[in-house]
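What follows is a set of notes on a single structure, which appears directly below.
The values are calculated or read from the model by the stated rules, or taken from the named source; none is laboratory data. Quick caveat: nothing in here was measured; it's all calculated off a predicted structure. Here Cβ is always computed from backbone atoms with ideal geometry, including for glycine, and neighbour counts include all displayed protein chains. The protein model used for the area step is the full one, side chains on, heavy atoms only, and it has no ligands, DNA or RNA in it. Shrake-Rupley method; radii C 1.70, N 1.55, O 1.52, S 1.80 Å.
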Amino acid sequence: MINLELPKKLRASANQAHQVASEIFRPISRKYDLAEHEYPVELDTMAAMVEGLADSGTQKIGGAAGGRSDQSDPHATELLGNTNGGNMSALLNALETSWGDVGLMLSIPYQGLGNAAIAAVATDEQLKRFGKVWAAMAITEPSFGSDSAAVTTTAVRDGDEWVLNGEKIFVTAGQRATHIVVWASVDKSLGRAAIKSFVVPRDAPGLSVARLEHKLGIKASDTAVLLLQDCRIPADNILGSPEVNVEKGFAGVMQTFDNTRPLVAAMAVGVARAALEELRAILTGAGIEISYDTPAMNQHAAAAEFLRMEADYESAYLLALRAAWMADNKKPNSLEASMSKAKAGRTGTDVTLKAVELAGTIGYSQRTLLEKWGRDSKILDIFEGTQQIQQLIVARRVLGKTSAELK
């Protein structure tokens, strides 16, 4: 028999995150949607709170507290929290805070997506050094979007330093983060196997912010274009092993996605739940009853559509839970991570936009947050691998095909 109840410890952590979402995020959600690129000063108090929770051993409030999904490294330590549900806790916290506001969730100090990358592939020594930084993640470049193997940014060893050159776009928290996890190639002749991730401090010489993007949604979060011009960092800031293993390819850096994709799925699930709750209240206020005892075909069309969306929401939630559970239990979860991301991303956009439609003029206006959630949800189906890329990965895994065999 499968028990889908969350452990008491995780329920307490998720409830804490929900209180943050309800009491801090929701009241200022519209404010920072209208004031794009303005720093949410209310989050400054959260920086101290997050640091205090980390020091006390309590799970973090945001979405970057997960650990390794592959425990084949004999040097892996309990610092990552796998046996204690670190990935599951991070997922639930990301879900709850995104229920409040996903843009603000992505702006929580010291909770960047780069932190999950560090947790996934860093050595023990690096975990200690970078355990309290605020790390953004820089992968995408002007020449490519979803094909992560097409990285053109270079990293050349020069004595005790690496010298990085390239341009990174759509970097979430790229201006505010204290560190940037940059994907770069150490030898282009070796292809994707030579792609490594590097931790670049904000004040590193040669790193600059070219501009901030104006976006459809998640406007509380800064999205930057970064330039690396002869950017120098210490030699030991390369995450994991500096050796190039052609047989392994770039599985090391790709392992990052096994951690972050379930988190992005959780963000989409959180926004979808917020929209469903708001829509239910609007439909109920309009006298439309939603029944779980009467067949959908015998109910109001809006009620039937609500039941369909709620079923999709539940399946996306359970897929995300499975991907996080597998990571915490040392099981390879690349397939499940992509399945959860694909389902949740698609469900998030469907639910939020349909909620806007069913709510009519109320949904399209700024009287509620429905239209904002419709805009915010779209990015959750795009970043960390688009819908199409997730389906391609799932197909490869199910059919046993390589990336060369199925493109």
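Couple of notes before you dig in:
- Counting Lys and Arg as +1 and Asp and Glu as -1 over every other residue whose Cβ lies under 13 Å from the Cβ of T352, the net charge comes to -2.
- The mean sequence distance of close C-alpha pairs (under 8 Å, at least 6 residues apart), as a share of the length of the range 186-274, puts its relative contact order at 34 percent.
- Accessible surface of the range 175-316, 1.4 Å probe, proportion on carbon and sulfur as whole %: 52 percent
- For the options A193, A286, A155, a Gaussian network treatment of the chain with springs between C-alpha atoms closer than 10 Å singles out A286 as fluctuating the most.
- Of the residues L4, I28, N15, the one whose Cα sits farthest towards the positive end of the charge dipole of the range 1-47 is L4 (charges of +1 on Lys and Arg Cβ, -1 on Asp and Glu Cβ, taken about the Cα centre).
- What separates the Cα centres of the range 1-42 and the range 337-366 is a distance of 19 Å.
- The Cβ shell under 11 Å around I218 holds other residues with a net charge of -1, Lys and Arg each +1, Asp and Glu each -1.
- Protection-proxy order for peptides 320-332, 204-216, 290-302, each taking the mean of Cβ atoms within 10 Å per residue, highest first: 320-332, 204-216, 290-302
- Residues in the chain average 43 Å² of solvent-accessible surface per residue, probe 1.4 Å, ligands and nucleic acids excluded.
- Computed over the chain, Kirkwood Rh from alpha-carbon pairs, angstrom: 21.6 Å
- Label-point gap, in nm, between Q388 and R211 - each point 7 angstrom along Cα→Cβ: 2.5 nm
- Per-selection Rg to Rh, the range 250-336 - Cα, Kirkwood hydrodynamic radius: 1.16
- Nitroxide proxy distance, nm - points 7 Å out along Cα→Cβ at L190 and K330: 2.9 nm
- Dipole in debye (nearest 20) - the chain, about Cα centre, beta carbon charges: Lys, Arg +1; Asp, Glu -1: 440 debye
- Distance violations [Cα-Cα > 22 Å] among K188/K331; K331/K401; K31/K354; K354/K378; K9/K378; K188/K330: K188/K331; K31/K354; K9/K378; K188/K330
- Net charge contributed by nearby residues that have their C-beta within less than 13 Å of V181 (K/R +1, D/E -1): +3
- Mean-square fluctuations from a GNM of the chain, with a 10 angstrom spring cutoff on Cα atoms, peak among R192, R26, R129 at R129.
- For the pair V41 and E125 in one chain, pulling the backbone fully straight at 0.36 nm per residue adds 27.0 nm over the alpha carbon distance.
- Packing around the peptides 113-123, 224-234, 393-403, taken as the average count of other Cβ atoms within 10 Å per residue, puts them in this order, highest first: 113-123, 224-234, 393-403.
- Surface share of carbon and sulfur [accessible, 1.4 angstrom probe, percent] for the range 357-406: 57 percent
- Placing +1 on the Cβ of every Lys and Arg and -1 on the Cβ of every Asp and Glu, with nothing else charged, gives the range 269-407 a dipole about its Cα centre of roughly 660 debye.
- Sorting 88-100, 307-319 by their mean Cβ neighbour count within 10 Å, with the most densely packed peptide first, gives 88-100, 307-319.
- Positive dipole terminus of the chain, leading residue within A122, A138, T347 (C-beta point charges): T347
- Rounded to the nearest 10 degrees, the angle from helix 387-399 to the longest Cα principal axis of the chain is 80 degrees.
- Normalising by residue count, the range 86-141 has a Cα convex hull of 95 Å³ per residue.
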